[in-house]
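The next block holds one structure in the form of structure tokens; read it before the comments.
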């Protein structure tokens, strides 16, 4: 089954404790992206990757890091999480770019930083 | 269920009726638009897309209309079913921006 998987689905952590949210897709998509979704706001892009070893900042990259060492994986790293990073996070992938093709989204990771 | 957006515009329709969800986009340079459906506790799911060289595109029970003059998109769902209950949002591509969404509730 074609899908985007994320882990963990739920995470509660404390300020400053490094964490990684994994994302994997099995559709051989070139493009992958991370978003956060907050009440009253639309999806906001954190980082995206057009291909292996190519990553770019989205609209809200501060406090986040990503890497794209393999085509299928695109982990999101919070080196020192803060309470304002409490949010619902989605990973997505697309054939060749979110501005020309539809994206396939993962099930989401709900992060709470206390 | 999970709240994906507080104070969202809400549309309530009777089962079997047609639904129309509207979206205004911001940039006349956008040339690709998508509608997504997000059910409670799930990630957004692609419904239908349209490119700017078209005014209308039809899928299974869904139709998207694009009015470039007024920068407006609409999603029409025919014979709305309880399974259509979700938040629907549009996206434009220049830049990549997602709308806040409309919550569709289907009354059985």
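What is the residue count in the stretch B:36-53 for residues that are under 12 Å from the mean Cα position of the chain (by Cα) and part of a loop (DSSP other than H, G, I, E, B)?
Number satisfying all stated conditions: 1.
Restricting attention to the stretch B:16-35, and to residues there that are surrounded by 12 or more Cβ atoms within 10 Å (Cβ to Cβ), within 14 Å of chain A (Cβ to nearest Cβ) and not in a strand (DSSP E or B), which single residue is nearest to the chain's Cα centre (by Cα)?
Residue satisfying both the conditions and the ranking: B:25.
Please count how many residues of the stretch A:53-70 are surrounded by fewer than 16 Cβ atoms within 10 Å (Cβ to Cβ), in contact (Cβ under 8 Å) with a residue 12 or more places away in the chain and more than 20 Å from residue A:109 (Cα to Cα).
4
Taking residue B:13, is it touching a helix residue (DSSP H, G or I) at 6+ places or on another chain (Cβ under 9 Å) and either within 24 Å of residue A:48 (Cβ to Cβ) or assigned to a strand (DSSP E or B) (or both)?
So residue B:13 fits the description; yes.
Taking the residues in the stretch B:53-79 that are farther than 30 Å from residue A:58 by Cα and either within 14 Å of another protein chain (Cβ to nearest Cβ) or crowded, with 21+ Cβ neighbours inside 10 Å (or both) as candidates, determine which candidate is modelled with the lowest pLDDT.
It comes out as B:59.
Please report, ordered by residue number, the strands (runs of 3 or more DSSP E) entirely within the stretch A:9-114 with at least 2 residues that are within 11 Å of chain B (Cβ to nearest Cβ).
Once the strands (runs of 3 or more DSSP E) in the stretch A:9-114 are filtered for at least 2 residues that are within 11 Å of chain B (Cβ to nearest Cβ), what remains is A:31-37, A:44-51, A:87-94, A:103-105, A:109-113.
The values are calculated or read from the model by the stated rules, or taken from the named source; none is laboratory data. All figures in this text were calculated on a predicted structure; none of them were measured in a lab. Positions of Cβ are generated from backbone atoms using ideal geometry, with glycine treated the same way; all protein chains shown enter the neighbour counts.
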